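Structure first, commentary second.
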Amino acid sequence: MAQSSEGYTGTAKFLHWLILALLVAQFIVAWTMPHIGRNTPVTTLISLHFTLGIVILAVAVVRLAWRLTHPEPKPLDGVPPWQTGTASIVHWLLYVLLFVVPILGWINASWRGMPVVMFGLELPQLIGTRAAGWQWTGGMHVLLSNYAMLILVGLHVAAALYHRMIRRDGVLERMLPGR
Ligand code: HEM
Ligand code: HEM
């Protein structure tokens with residue numbers, strides 16, 4: 001589909017800010033919940049971490065489907081190509097992480113034999129409890145969420161602020177509601 005010159009659709013903006021709100025809640029829960037070790041019981045906070053993570057995965061699916069059918073608007077005039085190129089790379093890496101992080105978490109919860117319950121319904125175990133060769137998924141889940149995701153979101157927010165405060169070119173404004 002060709003890029004439109006208009007801004008983001010209301011749906012794209014809503015999904016963008018919804019994911020931010022869910023991620024803020026998710027990191028608060030993740031950093032507050034008990035450390036997950038070999039025999040950790042699944043407390044309410046841990047269970048909430050799983051549920052919120054699956055909700056983020058579901059919203060990411062809707063968001064990616066919307067994005068594939070409604071491409072990003074054309075870059076604003078005057079923004080250097082290296083900036084629009086870097087922005088695209090960061091946006092796609094963020095999309096990848098919105099899938100890979102919760103799926104790794106789900107695989108690791110399965111590996112630990114911890115139930116993942118969504119509104120009373122237990123979701124399928126993705127791999128068998130303590131299945132050989134899958135232990136690394138926990139460490140990778142923590143690494144990608146606590147480091148890769150936070151660093152990329154940090155870069156992304158710094159870029160938005162740079163456009164707002166230094167270039168003053170309207171890039172941030174086009175993701176804000178009602179424009
Ligand atoms: C985008 C969604 C998610 C984010 C941002 C996220 C983030 C995190 C973070 C930051 C930690 C480390 C907490 C600490 O510092 O001690 C963690 C641990 C964990 N999360 Fe998630 N999580 C997400 C989704 C999920 C999902 C969907 C599940 C399971 C269904 C899950 C299962 C786990 C498990 C089992 C651990 C412990 C891993 C280990 O230490 O070996 N997470 N998560
Ligand atoms: C305070 C936090 C945030 C701010 C200020 C912000 C700002 C923006 C702005 C201004 C754009 C439009 C860029 C352009 O038109 O080139 C954008 C797009 C985008 N943002 Fe954010 N963002 C934030 C958080 C996040 C988070 C947490 C994620 C995902 C983990 C994310 C993922 C994306 C993606 C994938 C796009 C591309 C457009 C799309 O496909 O919807 N952003 N953001």
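Listed values, structure above:
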quantity: All positions within the range 56-93 that are over 23 Å from V157 (Cα atoms) and within 12 Å of ligand 1 (Cβ to nearest atom); calculated: A58
quantity: Candidates G139, G154, G178, filtered to the one that is over 19 Å from I46 (Cα atoms), modelled with pLDDT of 95 or more, of a type outside the set (S, T, Y) and exposed (fewer than 13 other Cβ atoms within 10 Å of the Cβ); calculated: G154
quantity: Residue check, L18 closer than 22 Å to M140 by Cβ, surrounded by 14 or more Cβ atoms within 10 Å (Cβ to Cβ) and not charged (D, E, K, R); calculated: no
quantity: Check on I151, of a type outside the set (G, A, S), farther than 20 Å from A12 by Cα, in contact with a Ser or Thr (Cβ under 7 Å, 6 or more places away or on another chain) and away from ligand 1 (no atom under 11 Å from the Cβ); calculated: no
quantity: Any hit, the range 154-171, residues being near ligand 1 (Cβ under 9 Å from one of its atoms), part of a helix (DSSP H, G or I), touching a helix residue (DSSP H, G or I) at 6+ places or on another chain (Cβ under 8 Å) and under 21 Å from A30 (Cβ atoms); calculated: no
quantity: Some residue of the range 69-79 being more than 15 Å from ligand 2 (Cβ to nearest atom) and polar (S, T, N, Q); calculated: no
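The values are calculated or read from the model by the stated rules, or taken from the named source; none is laboratory data. Model, not experiment: these values are computed from the prediction. Reconstructed Cβ throughout: ideal geometry from the backbone, glycine too, with neighbour counts over all protein chains shown.
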